[in-house]
Amino acid sequence: MPPLGLTNTTALWGLLLIVPVIILYLLKPKPKHIVIPSVMFIMAIEKTKRFSSFLQKFVHDPLLLLQILIITVLVLALAGPFIMTEQVQTEDETIVVVLDASASMKASDVEPSRFEEGKKIAGSIVSKLSEKSFAGIVLAENIPIAALSAGNRESAIVALDKVECADTATNLGDSILLARDMLSGSTLKKIIYVISDFSNSESLSPAVAKKLASLEGIEVSFIRVGNSDNNLGITNIKAERSADDKRKLFLGFNVKNSGGWGGMINVRVKSDDVQIAGSEEQINAFSNTFFHFSPSISDDEQLITVELEKSDDLEVDNKAFALIPELKTHRIMLLTSENRDIYLRLAVFSLDNAVLKPVFPPVIPDTEGYDFVIVGSVNPEVILPGTFRNLEGYVEDGGTLIVVGTENLEGLYTDELKKLMPVEIREIVGAEKTVRITQNHEVTKDITLKNVVVKRYYKTVLENDSVSLLETENNSLLAYRSYGNGGVIYFGVNPDEKWSNLQHSYSFPILLSNLLNFMNRERHTVGIMDHRTGEYVSLPGVVEITTPSGKRATTNKLFLDEAGVYTLGYEDGKVDLPVNLLNEQESNISSGSSDAVMGSEFDVEKKPAKVKKDYLRELIVVVILMLLLEAVLYKRRGLI
Amino acid sequence: MAIDPSFLEELGELTLVMRKRVSNVVSGGRPSIVPGRGLEIADHREYFAGDDFRLIDWRVYGRTEKLYIRRFEEEKDMILHILLDASASMDFGTDRMKKFDYAGSIALGFSYLSVKNHEKFTTGLYSETLRDVMKPQKGKTHLFKVLHLLNTTQLYGKTNLSMAVGQYTKLIKSKSLSIIISDFIEPLDSLKDGIYRMARHSKDVTMIQILDPGEVDLRWDDDIKFEDSETRRMERTFLSPGFKHEYKERLQEHIMSIREICNSLGITFVTLTTDKPIIDAFIELVGGVRRGS
């Protein structure tokens, strides 16, 4: 038995209180001595009280003994008795678990998946926390996500139960730094547990992030899950209608083999779930193989799916998707003036699926049958009143209006036109500026505007429901919006040489073609090309979304964390949105960190520590019981 | 013993009012415990209120126009025997007088009645055994002898009614009227035996229990060391209300047990406490009405 210690020995002076109690007892008058004849009845009663008779053999007055005991126990309680024991003690800590939630964690070399194994390890770490400890959880996707900022053990367990793995890349470095920031205010021991397969990490290296965290006194542990390299994955895909034959598909994709396996695999190409091509190919170990197919396809819009028929440890990259737009001939009416908008006309003429009709107002033919009406360098004075009202009707019926940023636009910028425009135009700026692509988009794919400058441009303010694709100095140069059943485009990069050098860029006709193809699809104004996981996209309006896993949401901003086909539900129909992983690093699921402990060998280390066990509570309970007993004795004696 | 002088004066007035014979008082109109054996009429005496009207001799009334009752041989020779407990337990009192003083006053009262009615009486004292028995006689001189005996008696020893009665009944030559005055605080078995013996040898028995209010109520509190006045045994206890209640119950139980025995034998049993004025107690015993009350 360990020795008993006392926190407050001064309290023992309280035992001196026993002295006055004993003195009072001694001063108490001795019991009266009464001689009576009827003692036989008294003796008979006393015989029935065996316990008190027994007690009275030792103590004449049990009340005195009880009072002395009460004082003694109370004094002892105040003295704070304790014993020191050695036991494995869980000290209070603040921890953050950084859990890799990237695509490679879906690998099934660890059943059921690396991510589930990681969750289990995280759960065991959290469950061993003391009651006063705090825990946070960070999911390391391509961006760090704080799933729990600071909770207790129980809330951390609940949060862990809800987290899910994404199909994105991972950013462990930034996730560790986020964890570091989450621990900054804590005065307890700080630990970061990083659970990952450490197959790759974008941006900051985990090792560097660990060092940065250590500088702030934070202990960082790396825990590895998974130990397999068995994976083939599609890391790149290009699918479009062939330039020379729009009824043929140009399909090219890369298959990377990260592991040591080599052999034959079947590749299937499907259009809307119908196989249109396929082959059996040899894949070598640690190789990167390019595949090409040119099957015939219809004029309709179709979803192309590429499948690798090979069972491996990561399935998310065994499929890739691409959406092929409908093949349409664009009929375009250009409102212009003689000898104006030459480069624009030439660019349209160069497209093989576009037919252009220049029109010289004031006479404007019926717009019915035209897919596009472009308002170019037309003299405002020849525009008849009501023209834009008519054009509004045209757009509402499903047409697309393209307004080019010309010097005449100021004169044309009536309230009727203003109502239609995706931007509000301000003054013209005469300065040479480069053009920036605002977001990856079907319209801006396959173009480069590195050497493109604007010489003159309108200052613009983007309207709320519009999407900007090109800009300079925070002024949108190419924007679009839905309007009724149609759409309106502001084309602010005027190809006229006074306005820009776009006419010299080979990207100009491609841009134009993409724009026409995009706007002339079914009127969903999706504006989204094939995307990769980890991207944020803006939607032109609030749309009902169904993710590849079946989750539903209604939003105008979408984070693409799942690979597969999203469905966007518009009033007039649904549109498919293919999203692929296409990440060479994530497809390489072999572990990269030698600094990590294997998850199966990891355990939260608890050192035995000397623990003080005090008995204050127990002694107080004893005192209370004795006081109750004293009250009972007083009651029996009729004193209360 | 201390006799209250006013008691004797009141006794004098009482007997004038009552005009009862002690024998009638003691028998109380109840049939004798000893059934008649064809008693012979010894003589007649004047009828007094309270006499059994069945004893009225109507032939004498017819002749004299005065009421006379028949007196039988047995009744004529009836002697009043008073047996008085003189043990240590009777030397106890918390009120005005001790139990023995009270008991002795009662005994003297009955003796006085006998003197007034020209009847023989005697008094005996007992504790563990019979002590100091007087020869039955009539008259005031004998009364003073009784008084002297009571005044000079020492109270000592334990009570043993059975032993005392066993000895006393050997001295009784004829049927008699007996009065036993005690606190009867002794084991019930001994009491029972004594009561049965007395009943067999007496025409009528009356038992008068004298208790002190202090021993009835246990008029003390807190921690007390009790000593038995006869056995000298000590018992220390704390007198809580609960304890007192239980004590009273046990005492009452004891008294009820004695009463049951007496009822089964046709014996009158009366319990008195010394805080009751003696004259009131005596009146209760003789069943009369005090002048002026």
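The values are calculated or read from the model by the stated rules, or taken from the named source; none is laboratory data. The structure presented is a predicted model; accordingly, all values stated were derived computationally and were not measured. So basically every Cβ, Gly included, is an ideal-geometry build from the backbone, and we count neighbours across all protein chains shown.
Data table
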| quantity | calculated |
| --- | --- |
| Filter pass, B:Lys248 being within 21 Å of B:Tyr102 (Cβ to Cβ) and either within 29 Å of the chain's Cα centre (by Cα) or more than 7 Å from chain A (Cβ to nearest Cβ) (or both) | yes |
| Test: residue in segment B:179-190 that is assigned to a helix (DSSP H, G or I) and either more than 17 Å from B:Ala86 (Cβ to Cβ) or basic (Lys, Arg) (or both) | yes |
| Residues of segment A:347-358 that turn out to be at pLDDT 85 or above and either within 43 Å of the chain's Cα centre (by Cα) or surrounded by 18 or more Cβ atoms within 10 Å (Cβ to Cβ) (or both), as a count | 5 |
| Any chance A:Asp313 is farther than 23 Å from A:Thr400 by Cα, surrounded by 15 or more Cβ atoms within 10 Å (Cβ to Cβ) and of a type outside the set (A, V, I, L, M, F, W, C) | yes |
| Any hit, segment A:400-420, residues being small (Gly, Ala, Ser) and in contact with a helix residue (DSSP H, G or I) (Cβ under 7 Å, 6 or more places away or on another chain) | yes |
| Qualifying residue in segment A:61-84 (condition: at pLDDT 90 or above, in a loop (DSSP other than H, G, I, E, B) and of a type outside the set (Ser, Thr, Tyr)) | no |
| Residue within segment A:123-142 that is touching a Leu at 6+ places or on another chain (Cβ under 9 Å), over 25 Å from A:Leu314 (Cα atoms) and polar (S, T, N, Q) present | yes |
| Residue list for segment A:23-41, filter: over 15 Å from B:Leu211 (Cβ atoms), β-branched (Val, Ile, Thr) and within 7 Å of another protein chain (Cβ to nearest Cβ) | A:Ile34, A:Val35 |
| Check on B:Ser162, touching a Gly at 6+ places or on another chain (Cβ under 6 Å), closer than 30 Å to B:Leu11 by Cα and modelled with pLDDT of 90 or more | no |
| Condition check for B:Arg219: under 24 Å from A:Leu639 (Cβ atoms), of a type in the set (Lys, Arg) and modelled with pLDDT of 90 or more | no |
| Of residues in segment B:226-245 being surrounded by fewer than 20 Cβ atoms within 10 Å (Cβ to Cβ) and hydroxyl-bearing (Ser, Thr, Tyr), the one nearest to the other protein chains (Cβ to nearest Cβ) | B:Ser240 |
| Condition broken by A:Asp595, with the remaining ones in (1) closer than 30 Å to A:Ser130 by Cα; (2) modelled with pLDDT of 80 or more satisfied | (2) |
| Residue check for B:Asp223: on the phi < 0 side of the Ramachandran plot and facing chain A (nearest Cβ under 9 Å) | yes |
| Complete set of residues in segment B:173-189 that are buried (at least 17 other Cβ atoms within 10 Å of the Cβ) and away from every other protein chain (no Cβ under 14 Å) | B:Lys175, B:Ser176, B:Leu177, B:Ser178, B:Ile179, B:Ile180, B:Ile181 |
| Residue within segment B:190-204 that is under 25 Å from B:Asp91 (Cβ atoms), at pLDDT below 90 and within 13 Å of chain A (Cβ to nearest Cβ) present | yes |
| Filter pass, A:Ala150 being out of contact with any Ser or Thr (no Cβ under 6 Å at 6 or more places or on another chain), under 22 Å from A:Ala209 (Cβ atoms) and part of a helix (DSSP H, G or I) | no |
| Filtered residues of segment A:406-440 (kept if polar (S, T, N, Q) and within 25 Å of A:Tyr483 (Cα to Cα)) | A:Thr406, A:Asn408, A:Thr414, A:Thr438, A:Gln439, A:Asn440 |
| Some residue of segment A:132-141 being under 21 Å from the mean Cα position of the chain (by Cα), outside any strand (DSSP E or B) and modelled with pLDDT of 90 or more | yes |
| Single residue of A:Ser271, A:Ser258 found to be out of contact with any strand residue (DSSP E or B) (no Cβ under 6 Å at 6 or more places or on another chain), touching a residue at least 12 places away in the same chain (Cβ under 8 Å) and crowded, with 17+ Cβ neighbours inside 10 Å | A:Ser258 |
| Test: residue in segment B:157-174 that is assigned to a loop (DSSP other than H, G, I, E, B) and under 23 Å from B:Ile278 (Cβ atoms) | yes |
| Verdict on B:Lys244 being of a type in the set (D, E, K, R) and without any contact (Cβ under 8 Å) to a residue 12 or more places away in the chain | no |
| Near pairs, Cβ below 7 angstrom, 6+ apart or cross-chain, from segment A:202-230 (loosely packed, with under 15 Cβ neighbours inside 10 Å) to any residue that is of a type in the set (Asp, Glu) | none |
| Unmet criterion (only one of (1) of a type in the set (Ser, Thr, Tyr); (2) buried (at least 21 other Cβ atoms within 10 Å of the Cβ); (3) away from chain A (no Cβ under 14 Å)) for B:Thr274 | (3) |
